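This report refers to the structure that appears directly beneath it.
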Amino acid sequence: MRIIGPDYLVFGVDDLEGSKTYLEDFGLKPVQLDDTGWLYEALDGTGVIIRPKADPKLPAPLETKNMLRQQIYGVEDASVLNEIEAEMSKDRRVTRLSDGGIEFKDDLGFELRFQVTIRRELSMPAEKINAPGAPAQRAPNELGVTDDMAALPRSLSHVVLFVPDMDKVVSFFCDRLGFVVTDVLTGAGPFLRPQANDDHHTHFFIRTPAYMQGCEHLAFHMGGPTELMVAGDRFVRKGYQSFWGPGRHKFGSNWFWYFNSPLGVHFEYDADMDKHDDSWVAREAPNGPEASQIFLLQWREKWAPSGGPEGGSGA
C-alpha cells in the first residue's frame, strides 16, 4: 500500500491560546480552518490541527485522555484509499468521507484517517558543508550561518506512540497496511516506515502500560543540523523548556532536539535522517542511553573566551 506518512496529527487541547502561541513560536504557519479549529503547517503543508478538547468536531478521546485525537495519513492516490478500505472493511467499520478520505480505528483504538496527501513538493537547498578532501559546497564568500537565517520546519517527519500491546499494533501496521520494520530497540519497540517513504521511520512504538496509551512525541524535519540548532536555540530563548537534546540518534542517524509543549506531548526538531530501501536488514539493540543517541549535547547561555589561563583564546 503506497502510504507516504503522516499529513496531520489532530489534538484536542486544554489551552487553545497557549497551544496556538507555542506552535507559531515553534515555526509553524497558522491557518484558521473554522471558528474553533486551527491548522499549523510546515513548509510542505503537513502539520498539526488543534481544537478545544470539548469540540464536538473532534473524534472521541482515548480512555487515557491523551490529547491526541486522530492521525491523518497521506497516500499517493485514490486507488490506495480503495485498497485500504477493502482491507479494513474485512473486520471493522470504515467511513468514507465526502472528500474521498476514509476513517476507522486501529486495533488499539487509535483514530486513523487516510487521504490523498496534501503535501506540497518542496524545492529547497539542503545544508551545505565544506570539508578538507572534498569539493567545497559553499562558494567563496558564501556564509554557512547568519544571525537572521531562516530555520523553519519543512515537513512532519514522524510520530511516536505509547502502546500497551506491541504485537497487536505492529501486526496491524505491517500485515494490514504494508509498513516495514527498519530497526528495533529491545525493551522499547520498533521503528517503522511505510511503502511510499524511504525515511528510516515515520513511526516508533514504545511499550507502556495501558493507562499511558497515546502520543509521546512528534517531529518535524529541518533543512540540516545547523537549522535544527538555530531553531532550537531561538525556541529556548523564547522561554520554552528543552526536554532532551540537542544530540544525534544512533538508529536513523537523525539529529534531534525535543521540547515540552502544552499539547501534552513533546515536539521535536529533527534533521538528516537515514534513507532505506527494501534491501535494508533491520538491526536490534537493547534500549538504553547507548542505543538512543550517539552523542548528547546540552544547551547553555552563550559564552565567549575571555583570554588568560582560565578563559583560553582562539576560535
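At-a-glance table
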| quantity | calculated |
| --- | --- |
| Condition broken by L97, with the remaining ones in (1) farther than 28 Å from A231 by Cβ; (2) surrounded by 13 or more Cβ atoms within 10 Å (Cβ to Cβ); (3) among the hydrophobic types (A, V, I, L, M, F, W, C) satisfied | (2) |
| Qualifying positions in the range 8-59 - hydrophobic (A, V, I, L, M, F, W, C) and in contact with a Lys or Arg (Cβ under 8 Å, 6 or more places away or on another chain) | V10, F11, V13, L16, W38, A42, L43, I50, L58 |
| Of all residues in the range 266-301 being under 28 Å from F26 (Cβ atoms), among the polar types (S, T, N, Q) and out of contact with any strand residue (DSSP E or B) (no Cβ under 6 Å at 6 or more places or on another chain), the one that is surrounded by the most Cβ atoms within 10 Å (Cβ to Cβ) | S292 |
| Selection from the range 60-76 of residues that are under 19 Å from V163 (Cα atoms) and assigned to a loop (DSSP other than H, G, I, E, B) | A60, P61, L62, E63, T64, K65, N66, M67 |
| Single condition R113 does not satisfy, out of (1) surrounded by fewer than 17 Cβ atoms within 10 Å (Cβ to Cβ); (2) under 23 Å from T202 (Cβ atoms); (3) within 25 Å of the chain's Cα centre (by Cα); (4) charged (D, E, K, R) | (1) |
| Unique match (being free of Cβ contacts under 8 Å to residues at least 60 places away in the same chain and within 20 Å of A196 (Cβ to Cβ)) among L156, L112, L143, L122 | L112 |
| Output for the range 231-287, where each listed residue is outside any loop (DSSP other than H, G, I, E, B) and hydrophobic (A, V, I, L, M, F, W, C) | A231, F235, V236, F243, W244, W255, F256, W257, F259, F267, A271, A285 |
| Qualifying residue in the range 85-96 (condition: at pLDDT 95 or above, under 23 Å from the mean Cα position of the chain (by Cα) and not acidic (D, E)) | no |
| Criterion violated by K168 - all others in (1) in contact with a Leu (Cβ under 7 Å, 6 or more places away or on another chain); (2) crowded, with 19+ Cβ neighbours inside 10 Å; (3) within 26 Å of P61 (Cα to Cα) satisfied | (2) |
| The range 189-222: number of residues that are assigned to a loop (DSSP other than H, G, I, E, B), surrounded by 19 or more Cβ atoms within 10 Å (Cβ to Cβ) and of a type in the set (A, V, I, L, M) | 1 |
| The range 111-150, residues that are among the β-branched types (V, I, T) and out of contact with any helix residue (DSSP H, G or I) (no Cβ under 7 Å at 6 or more places or on another chain) | T117, I118, I129, T146 |
| Answer residue from the range 1-37, given it is aliphatic (A, V, I, L, M) and crowded, with 21+ Cβ neighbours inside 10 Å and is farthest from D233 (Cα to Cα) among those | I3 |
| Members of the range 125-148 found to be surrounded by 10 or more Cβ atoms within 10 Å (Cβ to Cβ), of a type outside the set (G, A, S) and within 20 Å of R234 (Cβ to Cβ), listed by number | E127, V145 |
| Matching residues, the range 36-64, being in contact (Cβ under 8 Å) with a residue 60 or more places away in the chain and out of contact with any Leu (no Cβ under 8 Å at 6 or more places or on another chain) | G45, E63, T64 |
| Residue within the range 113-129 that is more than 23 Å from Y40 (Cα to Cα) and in contact with a strand residue (DSSP E or B) (Cβ under 9 Å, 6 or more places away or on another chain) present | yes |
| Failed condition for I102, given (1) in contact (Cβ under 8 Å) with a residue 60 or more places away in the chain; (2) within 30 Å of A210 (Cα to Cα); (3) in contact with a helix residue (DSSP H, G or I) (Cβ under 6 Å, 6 or more places away or on another chain) | (1) |
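The values are calculated or read from the model by the stated rules, or taken from the named source; none is laboratory data. Here the structure is a predicted model, which means the values were calculated and not measured. In this analysis, Cβ positions are derived from the backbone assuming ideal geometry, glycine residues included, and neighbour counts consider all displayed protein chains.
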